[in-house]
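Note sheet for the following structure.
Read the figures in this text as sums done on the coordinates, not as results from a lab. Values in this document were obtained by computation on a predicted structure and should not be read as measured data. Don't worry about glycine lacking a Cβ; one is built from the backbone with ideal geometry, like all the others, and counts go over all protein chains shown.
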Amino acid sequence: MINVEDKIQELKERCAKANMRLTPQRIEVLKMIASVNNHPDAETVYAEVKKVMPSISLDTVYRTLTSLEDLGLVFKVDNELAKTRYDADLTPHCHFICIKCGAVHDIHIDNYIEAPKESYDYGKVLQTNLQVKGICNKCRG
């Protein structure tokens, strides 16, 4: 599980380095995503953050998610899902994605996933992301 306080400290440092304001909205959105492992979509983030910040708008949540992604603090799990899902766990891990219900589960592995060496022929590799797609046990019955 992610240490939320460490993640907030990282947000502070990255905002300062990027000359971005450290806003309460950025803090709350990051705290929400970092405290769960269900890879929430923007609407889920909005519903949860609204409980502690009633005046926040869905538009603000979308803009905040984009800024957190730009800062390298969260990433989009899969662009093929019906709704974009976010993950704040940047440690090397894989995802199992159910093609029926869209559930996303973390798969933590002992060894680091390396990009194929041929990847470096095309440029600098910034991230390696392995996704396993299938039908989850719940959908299989």
Seminar exercise, completed: Taking the stretch 50-65 and keeping only residues that are without any contact (Cβ under 8 Å) to a residue 24 or more places away in the chain and within 14 Å of K31 (Cβ to Cβ), one is left with K50, K51
Seminar exercise, completed: Over the stretch 120-141, the set of residues closer than 23 Å to I107 by Cα and out of contact with any Phe, Trp or Tyr (no Cβ under 9 Å at 6 or more places or on another chain) is V125, L126, L130, I135, N137, K138, C139, R140, G141
Problem set entry | Matching residues in the stretch 12-44 - criterion: being assigned to a helix (DSSP H, G or I) and over 21 Å from L58 (Cβ atoms) | K12, E13, R14, C15, A16, K17
Exercise. Of all residues in the stretch 68-124, which are exposed (fewer than 14 other Cβ atoms within 10 Å of the Cβ), within 27 Å of N137 (Cα to Cα) and among the charged types (D, E, K, R)?
Worked result: E80, K83, K100, D110
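Suppose we filter the stretch 71-108 for residues that are touching a residue at least 60 places away in the same chain (Cβ under 8 Å) and part of a loop (DSSP other than H, G, I, E, B); how many remain?
To start, the set of residues in the stretch 71-108 that are touching a residue at least 60 places away in the same chain (Cβ under 8 Å) comprises 71, 73, 88-89, 104, 106.
Next, from what is left, pick out any that are part of a loop (DSSP other than H, G, I, E, B): 71, 73, 88-89.
The number of residues fulfilling the criteria is 4.
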Seminar exercise, completed: Looking across the stretch 54-70 at residues that are aliphatic (A, V, I, L, M) and not in a loop (DSSP other than H, G, I, E, B), the single one that is nearest to Q9 (Cα to Cα) is L68
